[in-house]
Amino acid sequence: MELSDDSKMLGYYSVTSGMEIYVIDLDPFSLSRGGGLTDTSLIEKYKMTDEEYDTRKGTLRDFIRTKKQEDPKYKLAKPSQSHKPTNNFVAMTDTTDEYDEASVQGIATSMRCLVNPGSRRGTVKFVGQVENWKPGYWVRLPIDPC
């Protein structure tokens, strides 16, 4: 239906959850005309010269400059490696359909792992055969929410 009466509120038309509303903006001076609100390539980006950035206070360059004045041998620390897998991290890349005892060798409960495909991380909760289930060895790992 056409929502043609501008004096009526949206609730008057009995719009419910799951419905779609298609809006045609006829205002020639509208911001949305020609993709003005959706096409980011139309937005002029702020650009700053290196000289202007060097004069600003509180920037990374200013911080490094201050530290080098205090200690001429100062260097930024390397990025943290805490996100990398630890020694008890298992990456399972085996994509075969047959899982025998050798396919789960070295995997134990409480080990961290990376589920592939999907690159999701989890903790191994079970390793072994499951009674009354498909043959083979299984690894159960609930996926961490983070």
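The values are calculated or read from the model by the stated rules, or taken from the named source; none is laboratory data. All values derive from a computational prediction rather than experimental measurement. Because the Cβ atoms are built from the backbone with ideal geometry, glycine has one as well, and the counts that use them run over all protein chains shown.
I'm checking my understanding of the structure. Among residues of the range 33-51 that are small (Gly, Ala, Ser) and under 29 Å from the mean Cα position of the chain (by Cα), which one is farthest from residue 6 (Cα to Cα)? The extreme case among them is 41. In the range 29-43, the residue that is surrounded by the fewest Cβ atoms within 10 Å (Cβ to Cβ) out of those that are at pLDDT 80 or above and not in a loop (DSSP other than H, G, I, E, B) is 41. Is it the case, given these coordinates, that residue 18 is at positive phi, free of Cβ contacts under 8 Å to residues at least 24 places away in the same chain, under 35 Å from the mean Cα position of the chain (by Cα) and surrounded by 10 or more Cβ atoms within 10 Å (Cβ to Cβ)? Considered against the rule, which asks whether it is at positive phi, free of Cβ contacts under 8 Å to residues at least 24 places away in the same chain, under 35 Å from the mean Cα position of the chain (by Cα) and surrounded by 10 or more Cβ atoms within 10 Å (Cβ to Cβ), residue 18 comes out as no. Selection of the range 1-15 for residues being exposed (fewer than 10 other Cβ atoms within 10 Å of the Cβ) and not in a helix (DSSP H, G or I) yields 1, 2, 4, 5, 6, 7, 9, 14.
For the range 105-146, the set of residues classified as modelled with pLDDT of 75 or more, within 30 Å of the chain's Cα centre (by Cα) and of a type in the set (A, V, I, L, M) consists of 107, 108, 111, 114, 124, 127, 139, listed by residue number. Here is the figure for the range 55-65: residues that are in a helix (DSSP H, G or I) and either within 31 Å of the chain's Cα centre (by Cα) or over 18 Å from residue 76 (Cα atoms) (or both) total 6. Counting only residues that are at pLDDT below 85 and more than 35 Å from the chain's Cα centre (by Cα), the range 68-87 holds 0 of them.
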